[in-house]
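Novice: Questions regarding the structure given below will be posed in turn.
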Amino acid sequence: MHTQHFLVILVLLDGLGLLRGQTAPAPTEPVTMNTVVVSDVSTSSDIYRLEPVQGTYINAGKKNEVIDVGALNANIAEKTARQIFAKIPGVFVYDMDGAGNQINIAARGLDPHRGWEFNIRKDGVITNSDMFGYPASHYSMPMESIDRINLVRGTGSLQYGAQFGGMLNYVGKQADRNRPFTFETINTVGSFGLRSTYDAVGGTVGKVSYYAYYNQRVSDGYRDNAHTDSESEQVTLAFAPWENLTIKAEWARSNYTYRIPGPLTDAMFHADPTQSIRSRNYFNPDINVPSLSAELKLSDHSQIHLTSSAVIGARNSVLFDKTPNILDVIDPVTKQPANRQVDIDHFNSYTTEVRVLQQYLLGGRYSSLAAGVQFMDNDLHRQQLGKGTTGSNFDLSLVAPGWGRDLHLKSQNVAYFVENNFKVAENLSFNAGARMENGRSNMSGTITYLADAVPNRISHNYTLLGAGLEYNLGNRQNLYAGWSQAYRPVIFKDIIPGATYDRADKNLKDANGYNLEAGYRGDWKFLKWDVGVFNVRYNHRLGKISLVDPAGNFYIYQTNIGDSVSRGAEVFVEASFPISPAVGFSLFTSTSYLVARYENARVAAGTATFNVSGNDVESAPRWMSRNGMTLKWRRVSLSMLYSYVGDSYADPLNTVAPSATSALGLVPSYGLLDVNATFKATEKLTFKVNLNNVADRQYFTKRPLFYPGPGVWPSDGRSVSVSVGWKL
């Protein structure tokens with residue numbers, strides 16, 4: 001951390017009186033901590049809500065969910081997202097990587113590509129590769145290592161980061177505080193050559209706690225020529241010299257190589273979705289996430305959390321990068337296949353964040369103030385369009401020196417944030433907050449095919465505001481409402497023209513807008529529910545239009561194309577019926593209705609530009625509904641899940657008929673049935689069986705316009721996996 005960063009932190013802490021030893025009055029109410037509910041088999045659930053104030057975060061007035069991963073009947077080894085996020089309404093799942101390499105989700109009409117509309121964290125540490133250049137999260141931890149998943153929707157953008165989607169935090173398993181040594185192993189085998197093993201050790205010796213795991217997974221995948229080799233590891237050491245101070249050092253890494261079977265045309269998909277048109281394409285993200293954190297509890301009402309972390313690594317690919325109607329064949333002249341394209345992104349992203357929570361008496365009740373500052377210093381080095389080999393293995397070497405694009409995007413940003421939860425009355429609280437973003441991105445380097453300059457400096461200066469309200473009705477029921485502004489920076493792909501006839505606007509604007517939501521949630525006897533509505537305004541969307549210059553030359557112009565608005569409702573209802581102390585039965589529905597449309601927008605199609613105002617936003621199905629039932633009997637739990645996703649469009653023109661390359665066209669609706677079972681033989685030994693896509697439905701979720709290539713990408717057909725877990 002730079003010296004000036006420390007000075008800003010000291011000023012912040014001093015302003016709150018924390019360096020002068022000032023604390024809240026004598027405690028009459030404790031800081032709200034995690035609540036652990038112990039219940040019998042008939043009433044237990046795998047989803048709950050965050051506390052109104054938890055750690056250094058304020059969650060009151062915000063739509064949020066917590067998924068208890070350990071309690072799920074789900075395909076954990078392959079990270080089947082429709083099962084993991086089944087009880088969170090509105091989560092759109094984009095299946096593109098195969099074999100559970102990564103989770104790609106979105107909500108409320110946002111883009112699901114590697115979850116890049118979310119502020120993604122692992123144990124509070126940011127894992128987005130580069131917030132200002134490539135905000136996707138290429139880091140991919142094994143789901144066996146996760147204890148729970150916290151999702152705070154877009155109104156959490158003031159505290160976590162300015163992303164429209166909100167915050168997605170994977171909370172990992174921790175060391176046992178009461179034992180010097182523990183061991184856990186989870187081993188899975190399944191269809192298509194799936195083999196996965198997860199081994200972890202942990203414990204506490206004196207004032208030191210440790211936890212470490214190693215995971216390896218291989219799979220041939222559902223389609224021909226697909227294959228995944230994945231490994232990940234983590235080491236965590238925590239030292240508590242005093243009762244009120246914990247210092248933690250952690251290093252986590254994920255690395256996988258995915259042989260990509262390539263996109264298909266619609267005709268190919270309907271003939272045989274398992275077929276492949278590529279055998280020489282590979283994708284390989286190798287990501288390290290080191291972090292150092294300290295948590296200091298100054299009193300029962302004051303605490304500080306400091307985290308310094310990094311995302312260091314590379315996103316590598318070697319591809320025969322053509323549309324599916326162009327086959328990868330031997331050249332009759334050279335007797336060799338074509339040279340492949342090599343692309344490498346080098347990530348060097350550094351974040352330091354200090355957070356403070358201070359509770360204070362106001363009107364005889366404790367209100368809570370959360371404040372902090374976040375520094376980001378990133379350097380994304382992009383090397384693309386390299387001339388690769390004609391071979392068939394994973395090889396990033398070049399046969400000709402130089403890159404078609406060799407660029408650096410360096411970004412520095414500082415964000416100050418503050419949010420206050422005012423306890424107005426015993427049952428009523430009100431939030432008010434602000435986030436000030438101040439930064440810039442500078443691009444330098446060369447693009448061999450481009451004579452004209454591209455934007456080389458983009459400023460990110462925003463003051464974002466937000467407010468929220470929560471009213472407790474009693475009996476574990478409350479009303480909540482929130483509004484929060486957000487923005488999404490112009491990223492690397494927006495400012496780099498893709499070809500010689502492309503040009504980029506030198507005055508691109510960051511997308512900005514807001515999230516608005518309201519709902520009613522609670523528990524009553526056998527029912528649990530969260531029913532809400534939302535409105536997301538997304539201004540200055542990035543895209544392309546067609547223009548002609550004064551000399552009469554046609555070109556594609558990358559610019560801000562217009563706005564969009566997403567409105568809808570999200571409904572979660574679960575009913576649990578206790579039949580006896582040993583038997584329980586539950587039903588749930590998790591359903592969303594979404595209308596996401598363009599406003600004042602225009603896009604390019606060929607040599608023309610069309611007005612798309614009123615058209616649906618791509619990858620935003622009107623209806624999504626996941627419905628399930630679970631029967632629990634003693635140590636056995638059996639679940640059935642039916643997932644329905646309505647049809648959606650692949651482009652702003654709302655093209656229905658598939659194009660020749662299948663990059664455009666309607667994405668049909670689909671419904672899937674999954675059956676999962678868990679048997680806890682003993683407290684230490686657990687068996688899981690997952691039967692996915694029981695009816696062997698052939699479907700796909702999206703027609704991507706960029707990686708992994710335009711066209712149809714079939715999702716997996718029927719498969720089965722069996723897991724055995726043992727704890728010592």
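The values are calculated or read from the model by the stated rules, or taken from the named source; none is laboratory data. Model, not experiment: these values are computed from the prediction. Here the Cβ positions follow ideal geometry from the backbone for every residue, glycine too, while neighbour counts run over all protein chains shown.
Novice: Evaluate the following for ARG355: is it among the basic types (Lys, Arg) and out of contact with any His (no Cβ under 7 Å at 6 or more places or on another chain)?
Specialist: Taking the combined requirement at face value, the residue does not satisfy it.
Novice: Follow-up question, since we're still on this one. For the range 604-620, give me the residue count where each residue is in a loop (DSSP other than H, G, I, E, B) and surrounded by fewer than 22 Cβ atoms within 10 Å (Cβ to Cβ). Spell out the reasoning first.
Specialist: Here is the first cut: in the range 604-620, the residues in a loop (DSSP other than H, G, I, E, B) are 606-607, 612-615, 617-620.
If we keep only those that are surrounded by fewer than 22 Cβ atoms within 10 Å (Cβ to Cβ) as well, we get 606-607, 613-615.
Final tally of qualifying residues: 5.
Novice: Would you be able to tell me the number of residues in the range 398-451 that are without any contact (Cβ under 8 Å) to a residue 40 or more places away in the chain and polar (S, T, N, Q)?
Specialist: So the answer is 4.
Novice: Okay, next question. Out of the residues in the range 317-343 that are among the hydrophobic types (A, V, I, L, M, F, W, C) and touching a strand residue (DSSP E or B) at 6+ places or on another chain (Cβ under 7 Å), which is nearest to ARG382 (Cα to Cα)?
Specialist: Here the answer is VAL342.
Novice: If SER662 satisfies every condition in (1) surrounded by fewer than 21 Cβ atoms within 10 Å (Cβ to Cβ); (2) more than 19 Å from THR80 (Cβ to Cβ); (3) polar (S, T, N, Q) but one, which is the exception?
Specialist: Here SER662 clears every test but (1).
Novice: Here is a follow-up. Taking ALA162 as the residue in question, decide whether it is part of a loop (DSSP other than H, G, I, E, B), under 25 Å from GLY124 (Cα atoms), under 27 Å from the mean Cα position of the chain (by Cα) and at pLDDT 95 or above.
Specialist: For ALA162, the condition - part of a loop (DSSP other than H, G, I, E, B), under 25 Å from GLY124 (Cα atoms), under 27 Å from the mean Cα position of the chain (by Cα) and at pLDDT 95 or above - is not met.
Novice: Out of everything in the range 187-208 that is surrounded by fewer than 21 Cβ atoms within 10 Å (Cβ to Cβ) and polar (S, T, N, Q), what residue ends up being nearest to the chain's Cα centre (by Cα)?
Specialist: Among those that are surrounded by fewer than 21 Cβ atoms within 10 Å (Cβ to Cβ) and polar (S, T, N, Q), it is THR197.
Novice: For residues that are at pLDDT 95 or above and crowded, with 24+ Cβ neighbours inside 10 Å, tally how many sit in the range 146-158.
Specialist: 1
Novice: Please list, ordered by residue number, the strands (runs of 3 or more DSSP E) wholly in the range 627-728 having 3 or more residues that are more than 26 Å from THR591 (Cβ to Cβ) and more than 25 Å from the chain's Cα centre (by Cα).
Specialist: Result: 685-692, 719-727.
Novice: What's the total number of residues in the range 282-305 that are in contact (Cβ under 8 Å) with a residue 60 or more places away in the chain and either assigned to a loop (DSSP other than H, G, I, E, B) or hydrophobic (A, V, I, L, M, F, W, C) (or both)? It would help to see each step written out before you state the result.
Specialist: Narrowing the range 282-305 to residues in contact (Cβ under 8 Å) with a residue 60 or more places away in the chain: 282-285, 287, 289, 291, 293, 298-305.
If we keep only those that are either assigned to a loop (DSSP other than H, G, I, E, B) or hydrophobic (A, V, I, L, M, F, W, C) (or both) too, we end up with 283, 287, 289, 298, 300-301, 304.
The number of residues fulfilling the criteria is 7.
Novice: Please tell me if PRO290 is of a type outside the set (Val, Ile, Thr), modelled with pLDDT of 95 or more, closer than 25 Å to TYR699 by Cα and surrounded by fewer than 20 Cβ atoms within 10 Å (Cβ to Cβ).
Specialist: no
Novice: May I ask you to list the residues in the range 47-86 that are of a type in the set (D, E, K, R) and either over 18 Å from ALA575 (Cα atoms) or surrounded by 24 or more Cβ atoms within 10 Å (Cβ to Cβ) (or both)? First the steps, then the outcome.
Specialist: Taking the range 47-86 and keeping what is of a type in the set (D, E, K, R), we get 49, 51, 62-63, 65, 68, 78-79, 82.
Of everything in the range 47-86, those that are of a type in the set (D, E, K, R) and either over 18 Å from ALA575 (Cα atoms) or surrounded by 24 or more Cβ atoms within 10 Å (Cβ to Cβ) (or both) turn out to be GLU51, LYS62, LYS63, GLU78, LYS79, ARG82.
Novice: Filter the range 200-253 for residues that are touching a His at 6+ places or on another chain (Cβ under 9 Å) and not charged (D, E, K, R) and give the result.
Specialist: Our first condition is that a residue be touching a His at 6+ places or on another chain (Cβ under 9 Å); within the range 200-253, this holds for 218-221.
Once the filter is applied, which keeps residues that are touching a His at 6+ places or on another chain (Cβ under 9 Å) and not charged (D, E, K, R), the range 200-253 yields VAL218, SER219, GLY221.
Novice: Looking for whichever is closer than 18 Å to GLY709 by Cα and modelled with pLDDT of 95 or more here; the options are LEU691, LEU685, LEU666. Which one fits?
Specialist: LEU666
Novice: Scan the range 574-600 residue by residue and report those that are touching a residue at least 40 places away in the same chain (Cβ under 8 Å), under 21 Å from TYR520 (Cα atoms), crowded, with 16+ Cβ neighbours inside 10 Å and not small (Gly, Ala, Ser).
Specialist: If the condition is that a residue be touching a residue at least 40 places away in the same chain (Cβ under 8 Å), under 21 Å from TYR520 (Cα atoms), crowded, with 16+ Cβ neighbours inside 10 Å and not small (Gly, Ala, Ser), then GLU574, PHE588, THR591, LEU594 are the ones that fit.
Novice: Let me ask something additional. (1) exposed (fewer than 15 other Cβ atoms within 10 Å of the Cβ); (2) within 30 Å of GLU51 (Cα to Cα); (3) in contact (Cβ under 8 Å) with a residue 24 or more places away in the chain: which one isn't true of ARG355, the others all being true?
Specialist: Of everything listed in (1) exposed (fewer than 15 other Cβ atoms within 10 Å of the Cβ); (2) within 30 Å of GLU51 (Cα to Cα); (3) in contact (Cβ under 8 Å) with a residue 24 or more places away in the chain, ARG355 misses just condition (1).
Novice: From the list PHE526, PHE492, exactly one residue is surrounded by 19 or more Cβ atoms within 10 Å (Cβ to Cβ), at pLDDT below 95 and of a type in the set (A, V, I, L, M, F, W, C). Which is it?
Specialist: Working: PHE526 fails: surrounded by 19 or more Cβ atoms within 10 Å (Cβ to Cβ).
Going through PHE526, PHE492 in turn, just one is surrounded by 19 or more Cβ atoms within 10 Å (Cβ to Cβ), at pLDDT below 95 and of a type in the set (A, V, I, L, M, F, W, C): PHE492.
Novice: Report, ordered by the first and then the second residue, all pairs with beta carbons closer than 8 Å, sequence separation of six or more or different chains, a first member in the range 482-508 that is within 17 Å of ALA136 (Cα to Cα), and a second member that is surrounded by fewer than 17 Cβ atoms within 10 Å (Cβ to Cβ).
Specialist: Here the result reads VAL490/LYS509; LYS493/PHE706, each pair linking the range 482-508 to a residue that is surrounded by fewer than 17 Cβ atoms within 10 Å (Cβ to Cβ).
Novice: Are any residues in the range 293-313 in contact with a Phe, Trp or Tyr (Cβ under 8 Å, 6 or more places away or on another chain) and crowded, with 20+ Cβ neighbours inside 10 Å, and if so, which ones?
Specialist: The answer is HIS301, SER309, ALA310, VAL311, GLY313.
Novice: Related question: Within the range 252-270, identify whether any single residue is farther than 25 Å from ASN393 by Cβ, basic (Lys, Arg) and in a strand (DSSP E or B), and answer yes or no.
Specialist: Among the residues of the range 252-270, not one is farther than 25 Å from ASN393 by Cβ, basic (Lys, Arg) and in a strand (DSSP E or B), which makes the answer no.
Novice: With the condition kept exactly as written, say whether any residue in the range 310-331 is within 30 Å of PHE430 (Cα to Cα) and not aliphatic (A, V, I, L, M). Before you say what the answer is, go through the steps one by one.
Specialist: To start, the set of residues in the range 310-331 that are within 30 Å of PHE430 (Cα to Cα) comprises none.
Looking through the range 310-331, none of the residues is within 30 Å of PHE430 (Cα to Cα) and not aliphatic (A, V, I, L, M).
Novice: Can you confirm whether the range 346-353 contains a residue that is at pLDDT 95 or above, farther than 19 Å from MET131 by Cα and part of a strand (DSSP E or B)?
Specialist: So far as the range 346-353 goes, no, none of its residues is at pLDDT 95 or above, farther than 19 Å from MET131 by Cα and part of a strand (DSSP E or B).
Novice: Out of all the residues in the range 262-292, which are of a type in the set (Gly, Ala, Ser) and either touching a helix residue (DSSP H, G or I) at 6+ places or on another chain (Cβ under 7 Å) or within 30 Å of THR307 (Cα to Cα) (or both)? Working first, answer last.
Specialist: Of the residues in the range 262-292, the ones of a type in the set (Gly, Ala, Ser) are 262, 267, 271, 276, 279, 291.
Hit for the range 262-292 is SER291, nothing else.
Novice: Given the options VAL548, VAL531, name the one that is at pLDDT below 95, touching a Phe, Trp or Tyr at 6+ places or on another chain (Cβ under 6 Å) and either among the hydrophobic types (A, V, I, L, M, F, W, C) or under 23 Å from ILE88 (Cβ atoms) (or both).
Specialist: VAL548
Novice: Which ones in the range 186-213 are part of a strand (DSSP E or B) and among the aromatic types (Phe, Trp, Tyr)?
Specialist: TYR198, TYR210, TYR211, TYR213
Per-residue answers, yes or no, for (1) assigned to a strand (DSSP E or B); (2) within 22 Å of MET131 (Cα to Cα); (3) out of contact with any Lys or Arg (no Cβ under 8 Å at 6 or more places or on another chain):
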| residue | (1), (2), (3) |
| --- | --- |
| TRP403 | no, no, yes |
| HIS408 | yes, yes, no |
| VAL414 | yes, yes, yes |
| PHE417 | yes, yes, no |
| ALA434 | yes, yes, yes |
| MET443 | yes, yes, no |
| LEU450 | no, no, yes |
| THR463 | yes, yes, no |
